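Report on the structure given below.
The values are calculated or read from the model by the stated rules, or taken from the named source; none is laboratory data. Keep in mind it's a predicted model, so treat the numbers as computed, not measured. These area figures cover heavy atoms from the full protein model, side chains too; ligands, DNA and RNA do not enter into them. Shrake-Rupley method; radii C 1.70, N 1.55, O 1.52, S 1.80 Å.
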Amino acid sequence: MQKSWFQRLFWLAAIWGGSVLTLAVVGYLFRLMMTAAGFKS
């Protein structure tokens with residue numbers, strides 16, 4: 001039972017961390033494209 005809770009928390013943290021990392025990468029790429037297109041922020 002304790003192992004199941006640990007596994008569930010692990011997957012929750014992995015999914016949350018992955019989504020945050022994906023958002024950061026997408027935001028970085030978007031900013032990079034805007035800069036390359038000539039829009040200075």
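A few remarks follow.
- Cα-based values for the chain, radius of gyration first and Dmax second, are 17.2, 56 Å.
- The residues of the chain have, on average, 104 Å² of accessible surface per residue, using a 1.4 Å probe with all protein chains present.
- Protein accessible area in the chain, 1.4 Å probe - carbon and sulfur %: 76 percent
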